[in-house]
Structures are given as structure tokens and as C-alpha cells.
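Student: A single structure is presented below for examination.
The values are calculated or read from the model by the stated rules, or taken from the named source; none is laboratory data. This one's a predicted model, so the numbers in the text were calculated from it and none came from an experiment. Neighbour counts are summed over all protein chains in view; Cβ atoms, including those assigned to glycine, are modelled from backbone coordinates with ideal geometry. The protein model used for the area step is the full one, side chains on, heavy atoms only, and it has no ligands, DNA or RNA in it. Shrake-Rupley method; radii C 1.70, N 1.55, O 1.52, S 1.80 Å.
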Amino acid sequence: MGNDLNHELRDGRDLVVGLDAGGTRTRAVLAAADDGRVLGESTGGPGNAMTVPVPQLTDHLAEALARVVPEGARARVVAVTGGFAGATAASEEDPGTSRARTALTDALGRLGIPTGRVGVCSDIEAAFAAAPGTPSDGLALVAGTGAVAMRITDRRATTTVDGDGWLLGDEGSGFWIGRSAVRAALRMADGRGRPTVLAGWVGRTLGLPVDVLPKGGIPSYDHGGTALPSGTGAHPTGVPGWSRARREDFRRHLLPAVMADPPIRLARFAPLVADAAAEQDAVAEAILSEAADHLLETVRALEPRPGERIVATGGLLGPRGPLTAPLAERLHTHGLRLDWVADGCPGAVALARLAHPS
């Protein structure tokens, strides 16, 4: 296959490039303009158009492009489309869109890649276009670290629900789930919350001293669902041996450990909730159920029509995502279903091909 690809890169065929520029990395795909066959892939640094300064964004894009487009083939690139976090195809006056276009045009010019047909859209618009058939209209839902839903019309976002960031929104997201895990741990420690393995798991993840952690996981219950008494001053938690003094020490260690990191880092606790739910921890199950309710509410705010396509992306909704089944079940009652895509690169390639007249 390597020889076939080398031949295609030398045979004079028109080429297109699709970019998926997110908050963690930038992915670039080189493809044949006529049939979309992928000829190469590469990665570069973060590509969020709103948070990465334009000079660094230009460098990250140039890095990814230089790796995927051989120097001898660069003049044959006929269209480039980038799906950027922090940008949108709906308005060229949008600050993120303007920054993304400036950085992408500069990166292409630095490498000698033609800039005649450069498209900029949001990473969500690109992900929507990555669905089978390159749809032009429907709904897009992202549930990863953040959460947002959009109505796409003529391949442009026309309505947005949530995506308001960790402080004001992103309900049902990985951040929201991770924060709920830490809150559950704190509530268990101060006596307001139900017992959960999450207290110990969160504490260990944060590197808290072993002697302040609850021992023995979740408690035993009687047939009425009441925690059996511990007899050591830990009755509010139902965990034998986790005394009030140790619970106070747990809180004193946990709070500074959490505050030492940026708030968005709470998203790293989301996998703990999925693991705890898999072990039938009632608190973790309730967190995931509420997260699915939030995502359903987000989708319903777009006023979907029965049977309307919902293209989903993000780790919470993938083949192994913890919210895939509960959300799909909720959507089914409204005549809706999810089509999951891994990322926006195929969509960016498809949009670049559409921009190139055949």
C-alpha cells in the first residue's frame, strides 16, 4: 500500500486537506480530491481558535500540514478545510473564525500550499459532516469534556444550546460528571450524602494519605436498604472505622488538592464514575442517569423533529461511552437516534472536496 500511496502522490492528482483542530491537538488528513481516498495523516499542537494565540496556532497548523503534505505535492492541494474549536462557519466576523482563517492562511503560505480555497468551520460542524452521506441538515451533539448541541442548516450552525463552559454550563459533560464525583465524596464525608466507592477512589486519585481514606468501600445493607451501624462514630457514612475525625482530615486534604488544579481538570474523574457504575454503585449510577437527562434536555431545546438525525461525537457517547445506552434509550422515546462519529477529520475532508469543483 505504501508504494500505491507514493504513486498517487506523484501522479499529478488533485489533493485536499481536512483539519480537526481541537483543544488538545490538531489532526490533519491528506486525501485525493476525486474520491476522498486518505493518503496521509498527521498531528500537531492544540488548535482552539479562541484560546491559542494566533502565532502559536499558526505554528501548530504548519506543523501538522508539513508532516502530512510532502513538499513535492503541495502545489497540487486544491482545497483545505479546517474544523476549529472556537470557530464557526456561520459568520466570518466571529472572532474565533477570523483568528482561525488568519492562522490557517499564514500556515499554508509558509509551506507553499495554495490558499485559493480555504474553508473554516467549527469542529462540531466538521464532525456533523463526518456522518455517512455528508449530511447538510440535522442536529449535532458533543459530549466529552464539555457538552453542546447545535442545529445544522446547510452545513452551518444556526442554533446552539449549552456549550457555556465549566462555570456556566456544559451540563452532562465529562467535567460535570467529574465534579459530581468529587461532590459526592465531600457529601459522604460530611454526612450529607450516601455511601459511595467514589470517596475512596477520588481520594486515591488525588494522592490523599491512606489513613484518611474510607476503608472497605461501600457498606453492607440490611434487607430494608439501611446501612448497618458501624459502631465507631461513622454512622452517617455507614463505613466502619471512618470516624468523624478521619472524615474531617479527608476533607482538609481533598479540598486543597482539587483547588491546586484548573477547574476543568475535574473531568478526569469522569471515568471513575463510569467504573463505579459498572460495579453497581448507586451514587455513580445516579450521576450518569442525571447526566443523560441533562443531555436529553439539551437536545430537546433544539426542538427536534421525530426521526431527525443526531450526529454525536465525544468520548461519553462513543461505542464504549458510559452515556451512550442511557441517552439512546431516552432519545428513542422521542423518535430520535444517535449516529456517532469519532472526530471531524472525515467531515473536513468532505467539505474540502465539496469546495473543489469537479
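Student: Return the Rg/Rh ratio of region 1-152 with Cα-based radii and a Kirkwood Rh.
Tutor: Rg/Rh for region 1-152 comes to 0.97.
Student: Kirkwood Rh, Cα Rg: Rg to Rh for the chain? Walk me through the numbers before you get to the answer.
Tutor: Numbers: Rg = 24.0 Å, Rh = 22.2 Å.
Rg/Rh: 1.08.
Student: In Å², and per residue, what accessible area does the chain have when probed at 1.4 Å with the other protein chains present? If you can, show how the numbers build up before the last one.
Tutor: Numbers: 16230 Å² over 358 residues.
Per residue, the chain has 45 Å² of solvent-accessible surface.
Student: Something else now. Using only the alpha carbons of region 129-210, what is the convex hull's orientation-averaged projected area in square nanometres?
Tutor: Value for region 129-210: 7.7 nm².
Student: Same structure, new question: If one computes the Cα centroid of region 261-318 and of region 86-144, what distance in Å separates the two points?
Tutor: Here the answer is 26 Å between Cα centres.
Student: I've got another one for you. Return the Rg/Rh ratio of region 79-129 with Cα-based radii and a Kirkwood Rh.
Tutor: 0.97
Student: Over the Cα atoms, compute the radius of gyration (one decimal) and Dmax (the largest Cα-Cα distance, rounded to a whole number) for region 237-339, in Å.
Tutor: 17.9, 56
Student: Which net charge results for the neighbourhood of Ala348, defined as the other residues with beta-carbon distances under 11 angstrom from its beta-carbon, given Lys and Arg at +1 and Asp and Glu at -1?
Tutor: After counting each charged neighbour, the total is -2.
Student: Moving on to the next point. Take peptides 187-194, 290-297 and line them up by average Cβ neighbours within 10 Å, highest first, as a rough protection proxy.
Tutor: Result, highest mean Cβ count within 10 Å first: 290-297, 187-194.
Student: While we're on this one: Can you give the % of DSSP beta bridges in the chain that are antiparallel, to the nearest 5?
Tutor: 55 percent
Student: Could I ask something else about it? So what is the relative contact order of the chain, in percent, for Cα pairs below 8 Å that sit 6 or more residues apart?
Tutor: 20 percent
Student: Put +1 on the Cβ of every Lys and Arg and -1 on every Asp and Glu Cβ in region 62-191; which of Gly165, Ala184, Thr115 then has its Cα farthest towards the positive end of the dipole?
Tutor: It is Thr115, whose Cα lies furthest towards the positive end.
Student: Carbon and sulfur: what percent of the chain's accessible surface (1.4 Å probe)?
Tutor: On the chain, the fraction of accessible area on carbon and sulfur atoms equals 52 percent.
Student: Under 15 Å from the Cβ of Leu272, count the other residues' Cβ atoms, weight Lys and Arg +1, Asp and Glu -1, and hand me the total. Before the final figure, lay out the partial values.
Tutor: Working: positive: Arg179, Arg183, Arg204, Arg265, Arg268; negative: Asp275, Glu279, Asp281, Glu285.
Cβ neighbours under 15 Å give a net charge of +1.
Student: For region 1-110, run through the GluC sites (Glu not before Pro) and keep only the ones in DSSP coil with at most 14 other Cβ atoms within 10 Å of their Cβ.
Tutor: Values: sites: Glu8, Glu41, Glu63, Glu71, Glu92, Glu93; in loops: Glu92, Glu93.
Hits after loop and neighbour filter: Glu92, Glu93.
Student: Continuing with this model, one more query. Only loop residues by DSSP count here, and only those with at most 14 other Cβ atoms within 10 Å; note down the trypsin sites (Lys or Arg not before Pro) in region 19-110 that meet that. The partial results should precede the final answer.
Tutor: Details: sites: Arg25, Arg27, Arg37, Arg67, Arg74, Arg76, Arg99, Arg101, Arg110; in loops: Arg25, Arg37.
Qualifying residues, ordered by number: Arg25, Arg37.
Student: Which net charge results when you count Lys and Arg as +1 and Asp and Glu as -1 among the other residues whose beta-carbon is under 13 Å from that of Glu329? Don't jump to the answer; show the numbers that get you there.
Tutor: On the way: positive: Arg330, Arg337; negative: Asp293.
Net charge around Glu329: +1.
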